[in-house]
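One structure is given here, and the rest of the page talks about it.
The values are calculated or read from the model by the stated rules, or taken from the named source; none is laboratory data. Nothing here was measured: the structure is a model prediction, and the numbers come from that model. No Cβ is skipped: glycine too gets one built from the backbone with ideal geometry, and neighbour counts run over all protein chains shown. The protein model used for the area step is the full one, side chains on, heavy atoms only, and it has no ligands, DNA or RNA in it. Shrake-Rupley method; radii C 1.70, N 1.55, O 1.52, S 1.80 Å.
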Amino acid sequence: ADVVAASASVAAGSSGALAVAIAASMAANLIENETRALIDDSSVSARGPLSLTADSSLSVDVTGFAAAMSVAGSGTLAIGASITVAQVNNIVNGVVVALFFDADAAESESVPGGGPVTLTATNVNDIGAFSGSAAVTVTGTAGSVSLGASAAVALADNAVGTDVLAGI
């Protein structure tokens, strides 16, 4: 996902000019997934190797950018300000499970294998996040006062909280 914000302001006057530009860009992704490979409360008989696999993979790409420019010009007083904020948030939560569960000998349940028994649970997350911000202010006066201010903030936050379990 790409999120872009832009703002521009121009002001001119003989005795005073005020130009203000503000831009904000925000992108958020919340992904919650479950991948389960289960043999639950059952009997399974394999004549050869027995394999139980749970694989999860995801990719998130997000770009957030904000730009602002202000220009103020006057004969006496010129004031200009530009403010930008770009924020990108990615949160990935989930569960990946490969599990033999609740096979009870008392209930004649078993999971024998005629060869190796393999359980595999894997989770691969690829997060690409870019956050950029630019602010420019230009002021000019032929007279006494020219003030200019710019502020640019870029934030990126990524969190992964996936539980991975393989067990018998």
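Here are the numbers for the structure shown:
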item	result
Per residue accessible area of the chain, 1.4 Å probe, in Å²	54 Å²
Length gained when the stretch Asp104-Asp61 is fully extended (0.36 nm per residue, less Cα-Cα span)	11.0 nm
Alpha-carbon centroids, the range 71-94 and the range 4-31: separation in whole Å	6 Å
Cβ-derived FRET efficiency at R0 35 Å, Ala28 paired with Ser51, nearest 0.05	0.40
Solvent exposure, largest accessible area first (probe 1.4 Å, DNA, RNA and ligands not counted), of Arg36, Arg47	Arg47, Arg36
Carbon plus sulfur fraction of accessible area for the range 28-168, probe 1.4 Å, in percent	55 percent
Within a Gaussian network of the chain (alpha carbon springs, distance under 10 Å), most fluctuating of Thr122, Thr84, Thr63	Thr122
Residue among Ile79, Ile91, Ile39 with the largest mean-square fluctuation in a Gaussian network model of the chain, springs linking Cα atoms under 10 Å	Ile39
